[in-house]
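Each remark here refers to the structure printed beneath this line.
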Amino acid sequence: MKIVVVNAYVRENAGDAALLSVCLRHVREAFPEARTAIAGMESPAVHGDFEGVANLGSIRRYVADGGAALVVRLVRRLMVAALCTLALLLPKPAARGLLRLLPAEARREALAVAQADLVVSMGGGYLLARPGLDGYQNVYFVLLPALIAQKFGVPVVWAPQSFGPFPAALQRRLVAHALKRSPLVLAREDVSVELLAECGLPADRIRRAVDAGFAFAPPVTSDWRSRLGVDPGQSLVGITARRWLPPAAQERYERALARTVDRLQADGARVVLIPQVSTDYLGDDDRVVERRIAQYCAEAPILVEDRVDYRDLKGVYGECSMLIGTRFHSVIFSLTSGVPCVAIEYEHKTRGIMADLGLGQWVLPIEDVTFERLWPLAAGLRDDPAAYRSALRDRLPEYVADAEGFPELLRRVVR
């Protein structure tokens, strides 16, 4: 049996790496004898595998390669889109011939999904669109591996993820076209279910599921308090931040976090700024943002400057007494370690999953982050975490069990 996991991201994004790690484990549990490959955003020349599974590269990575000049990327997108769109319209023999004309990296993914027995689009939050041409391109290239697989009769499963928004009618029609033909579409919060319904996807085609990050539980490999120089008895508060807003609003958000750091440290806690994402891809490196936050502080917090393996990074969250988390998988890493969190929302996945856990009151939209709004949440959680911890004990076991149910769902698809 041949299985291809598509739409993988980069390992320096610890949340996406955790989702891929869990997805591969679940695929192995469902089909122990299968041959599995990954098609994702990491260059196969740099990273030939992920946890021992071969990395093919991908159509998306090839057309968006930041190492290529803009004009080269534009030519690649036009050429690949033209060949693949024509292949989708022609009979299978002609379509296969056209796919063989693709450049090597794009061809590897296209032929792999066309010849697979099962394609799994891993969990995450990548099937969405912003206004403008980039939104159309993202929807098209994210869906393309699924469309090629479906052309050749290969079932495509959408692992638990967030969907949308889709501001344009054409985007919604393309999403519905691909997902209607998939035997299993898993949405990790109610907002995504509603957005797929707006695309015209029938309710019986969508199944509510749980983010696979809740099933990520690597062994602890480091003494993080020693690494950070924090005494065993001292309260350690974690903060994750990211670049998201226009410049002026981004600075307000960062300065609000800095004032919160100052207040926490003035009250006796030690604060560590944790880079959940440390990739150069699209300039999405949390360390850049967190260095600015540290500069705004009266007393510098701890900065984690190294690129830390995603499995090792999970351990630092377990050492915290609480987390103020913008990166949502940093929140999940903390919740599964029994650590209460204030979640700063930048996409609807945050609001949806926290509400599902009964923790919606601890969410603050990133656009609304000021010290005056953030501090009461942080102080309330610090001073009285008992109810929060009780909610975690009540709700998390069921959530983790649901996340671990994916292998059985996969087996049902191919029976």
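Pair-distance distribution of segment 1-133: all C-alpha pairs, bin width 10 Å, starting at 0; shares per bin in whole percent are 12, 39, 36, 12, 0. The distance linking segment 305-325 with segment 239-256 is 20 Å (Cα centroid to Cα centroid, whole angstrom). Accessible area per residue for the chain is 40 Å², calculated with a 1.4 Å probe on protein heavy atoms, without ligands, DNA or RNA.
What stretch of the chain, leaving out the sites themselves, is the longest with no GluC sites (Glu not before Pro) in a DSSP loop having at most 16 other Cβ atoms within 10 Å?
Result, exposed sites excluded: 52-298.
Once Rg and the Kirkwood radius are both taken over the C-alpha atoms of segment 330-415, their ratio Rg/Rh works out to 1.08. Among beta bridges identified by DSSP and lying wholly in the chain, the antiparallel ones come to about 10 percent. Checking the a/c ratio against 1.5 first, then a/b against b/c, what shape does the Cα gyration tensor give for segment 1-48? Judged from the Cα gyration tensor, segment 1-48 comes out oblate (a/c at least 1.5, b/c at or above a/b). The value given for the chain is a Kirkwood hydrodynamic radius of 22.2 Å, derived from the mean inverse Cα-Cα separation. Both numbers refer to the Cα atoms of segment 121-188; Rg and Dmax are 11.3, 32 Å.
Here the spin labels are modelled as points 7 Å beyond Cα on the Cα-Cβ line, and at ALA298 and SER390 they lie 3.5 nm apart.
Each 10 Å bin from zero up to the one holding the largest Cα-Cα distance in segment 123-276 carries the following percent of pairs: 9, 27, 24, 21, 15, 4, 0. The accessible surface of the chain, taken with every protein chain in place and a 1.4 Å probe, is 54 percent carbon and sulfur. Using just its DSSP H runs of length 4 or more, each adding -39500 (n - 2.57), the chain gives a mean residue ellipticity at 222 nm of -15500 deg cm²/dmol after division by all residues. One Cα centroid belongs to segment 95-127, the other to segment 205-225; the line between them spans 27 Å. With Cα atoms defining each centre, segment 354-415 and segment 154-195 are spaced 23 Å apart in the structure.
What does the C-alpha gyration tensor say about the overall shape of segment 240-297? Classify as rounded when a/c is under 1.5, otherwise prolate if a/b is larger than b/c, or oblate. It is oblate, given that a/c is not under 1.5 and a/b is not larger than b/c.
From most to least packed by mean Cβ count within 10 Å, the peptides 387-395, 335-343 give 335-343, 387-395. Just check segment 248-396 against the gyration tensor rule for me: Cα atoms, a ≥ b ≥ c as the square roots of the eigenvalues, rounded for a/c under 1.5, and otherwise prolate or oblate depending on whether a/b exceeds b/c. It is rounded, given that a/c, with a ≥ b ≥ c, falls under 1.5. Using 0.36 nm per residue and subtracting the Cα-Cα separation, the extra length available between VAL72 and ASP231 on full extension is 52.0 nm. Structure note, pairs LYS2/LYS314; LYS2/LYS151; LYS2/LYS92: Cα-Cα distances above 26 angstrom occur for LYS2/LYS314.
The values are calculated or read from the model by the stated rules, or taken from the named source; none is laboratory data. Values in this document were obtained by computation on a predicted structure and should not be read as measured data. Reconstructed Cβ throughout: ideal geometry from the backbone, glycine too, with neighbour counts over all protein chains shown. Accessible surface areas use protein heavy atoms only, side chains included; no ligands, DNA or RNA. Shrake-Rupley method; radii C 1.70, N 1.55, O 1.52, S 1.80 Å.
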